[in-house]
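**Student:** Here it is, the structure in full.
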Amino acid sequence: MSSNDDWVLEVRDLMVFYENALAVNNISLKCRTGQITGIFGANSAGKSTLMHTISGVMLDIKKKEAMTGGERITLFGAINFNEEDIQNLQPHKRARKGIVLCPERRQLFTESSALENLKIGGYLADKAQAKKTLAYIFQLFPELQKLKNREAGFLSGGEQQMIAIGRALMAQPKMLLLDEPLLGLAPSIETRLAKAINEIKQQTGITILLGEQYARPVLPIIDYGYVLENGSIVMEGTAEDLMNNPDVLSAYFGM
Ligand code: ATP
């Protein structure tokens, strides 16, 4: 069995309630250092809630809801990053430690240029590091080089997703949370982005947690995966284990 320090992130017995509705139900999972871990589940399975809770954004949402008299959000359980309990750490402090969220639907500044969007991601990095990362992003996504001065909102979905991933890389992640990066993209772009995500793992050693509705386009690149149903993990295993389970193939793998 591996030693503890093989795991950069460990989630233990996590529960998240929106008022009385249970969105994440007693989830425990681990992300092995330098690997890609997949989280698969249909709409509303709880993927984004999990990503928001790991990144800490959920604490901001909870605070905002409490201040505006909105819904009550309750969190239980533990999140350890490099064996440190971060459950109560504010999101910007988690980002400084290297936990960076690339959110669902990209959330770009659509009226800013592609380059401005990338640079915004690097505001915490030192100048030399930001310059190096920018060069890496243009190597990973050469198409962005010629589009860099175009308004992000006018670019294709695939190009916008490249910017969103690039912006997250500019924040110098050690642990990158990708929330449905392939959402709404054509199959050829899905393949292109899955390949790029794998290159990021191989070339930078960044640990990746990847949430997707359908596992099929990313099965070739994940090291380990979990299947979420109604907020609970119903199955876990290597890509091969998941592929060989007939119960989940049609529901989650589009096969
Ligand atoms: P999607 O693919 O639609 O993003 P998901 O797997 O990311 O789905 P979540 O967005 O985490 O799922 O939603 C999990 C559950 O929590 C769903 O039942 C959803 O309706 C509910 N939920 C999510 N956000 C809120 C909220 N702010 N208030 C109340 N319920 C919420």
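**Student:** Report, ordered by the first and then the second residue, all pairs with beta carbons closer than 9 Å, sequence separation of six or more or different chains, a first member in the range 131-144 that is among the charged types (D, E, K, R), and a second member that is assigned to a helix (DSSP H, G or I) and open to solvent by 20 Å² or more (accessible area, probe 1.4 Å).
**Tutor:** Glu143/Glu159
**Student:** Kindly indicate whether Leu9 is surrounded by 18 or more Cβ atoms within 10 Å (Cβ to Cβ) and either within 30 Å of Arg150 (Cα to Cα) or within 16 Å of the ligand (Cβ to nearest atom) (or both).
**Tutor:** The answer is no for Leu9.
**Student:** Does Thr68 meet the test of being out of contact with any strand residue (DSSP E or B) (no Cβ under 6 Å at 6 or more places or on another chain) and of a type in the set (Val, Ile, Thr)?
**Tutor:** Considered against the rule, which asks whether it is out of contact with any strand residue (DSSP E or B) (no Cβ under 6 Å at 6 or more places or on another chain) and of a type in the set (Val, Ile, Thr), Thr68 comes out as yes.
**Student:** Give the residues of the range 29-47 that are at pLDDT below 95 and either surrounded by fewer than 22 Cβ atoms within 10 Å (Cβ to Cβ) or more than 13 Å from the ligand (Cβ to nearest atom) (or both), sorted by residue number.
**Tutor:** The answer is Ala42, Asn43, Ser44.
**Student:** Under the condition of being acidic (Asp, Glu) and away from the ligand (no atom under 13 Å from the Cβ), which residue from the range 58-108 is most open to solvent (accessible area, probe 1.4 Å)?
**Tutor:** Once the filter is applied, the top-ranked residue is Glu83.
The values are calculated or read from the model by the stated rules, or taken from the named source; none is laboratory data. Small disclaimer: the values here were computed from a predicted structure and weren't measured. We place every Cβ from the backbone using ideal geometry, glycine too, and count neighbours over all the protein chains shown. The accessibility values were calculated without ligands, DNA or RNA, using every heavy atom of the protein model including side chains. Shrake-Rupley method; radii C 1.70, N 1.55, O 1.52, S 1.80 Å.
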